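Engineer: The structure is given below, and queries will be raised subsequently.
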Amino acid sequence: MPALIQIRNVPEDVHRKLTERAASAGKSLNSLMLEIVEREVLRPTMAEVAARIRATPMPPMSSGVAAEIIREGREQRDRELLSRIGNSR
């Protein structure tokens, strides 16, 4: 059976903005809040991300190799951005 969560002392302006967002999305305030809570729970915490990074084996790398990887990543990003700009015109 689903549990009930109650939030007290919500500032009026926050409540108003949430109600407006729910209405503009065609949802109830309850549905919107449930989506927000679910999204937050699915997002890993900084501690979880740090633990995952520490657990990932990384080969030793020289600064030249690292710079080349960064350069390649930037070039790929630039190509993707240019292709998107070209497609939108």
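The values are calculated or read from the model by the stated rules, or taken from the named source; none is laboratory data. Worth saying up front: this structure is predicted, and the values here are computed from it rather than measured. A quick note on method: Cβ atoms are made from the backbone with ideal geometry, for glycine too, and the neighbour counts reach across all protein chains shown.
Engineer: Being part of a helix (DSSP H, G or I), without any contact (Cβ under 8 Å) to a residue 12 or more places away in the chain, surrounded by fewer than 10 Cβ atoms within 10 Å (Cβ to Cβ) and out of contact with any Pro (no Cβ under 9 Å at 6 or more places or on another chain): is that true of residue 54 here?
Structural biologist: Against the criterion (part of a helix (DSSP H, G or I), without any contact (Cβ under 8 Å) to a residue 12 or more places away in the chain, surrounded by fewer than 10 Cβ atoms within 10 Å (Cβ to Cβ) and out of contact with any Pro (no Cβ under 9 Å at 6 or more places or on another chain)), residue 54 qualifies.
Engineer: Give me the pairs: first residue in the range 1-19 and assigned by TED's automatic domain parsing to the domain that holds residue 38, second residue modelled with pLDDT under 95, beta-carbon distance under 6 Å, and six or more apart or on different chains, which are they?
Structural biologist: Every condition considered, no pair remains.
Engineer: While we're on this one: Does the range 11-30 hold any residues that are small (Gly, Ala, Ser) and surrounded by 12 or more Cβ atoms within 10 Å (Cβ to Cβ), and which are they?
Structural biologist: Keep residues of the range 11-30 that are small (Gly, Ala, Ser), which gives 22-26, 28.
Answer for the range 11-30, where residues must be small (Gly, Ala, Ser) and surrounded by 12 or more Cβ atoms within 10 Å (Cβ to Cβ): 22, 23, 28.
Engineer: Sticking with this one: Of the residues that make up the range 1-10, is at least one of a type outside the set (A, V, I, L, M, F, W, C) and surrounded by 10 or more Cβ atoms within 10 Å (Cβ to Cβ)?
Structural biologist: Taking every residue of the range 1-10 in turn, none turns out to be of a type outside the set (A, V, I, L, M, F, W, C) and surrounded by 10 or more Cβ atoms within 10 Å (Cβ to Cβ).
Engineer: Within the range 42-57, is there a residue that is farther than 30 Å from residue 7 by Cα and β-branched (Val, Ile, Thr)?
Structural biologist: Checked the range 42-57: at least one residue is farther than 30 Å from residue 7 by Cα and β-branched (Val, Ile, Thr).
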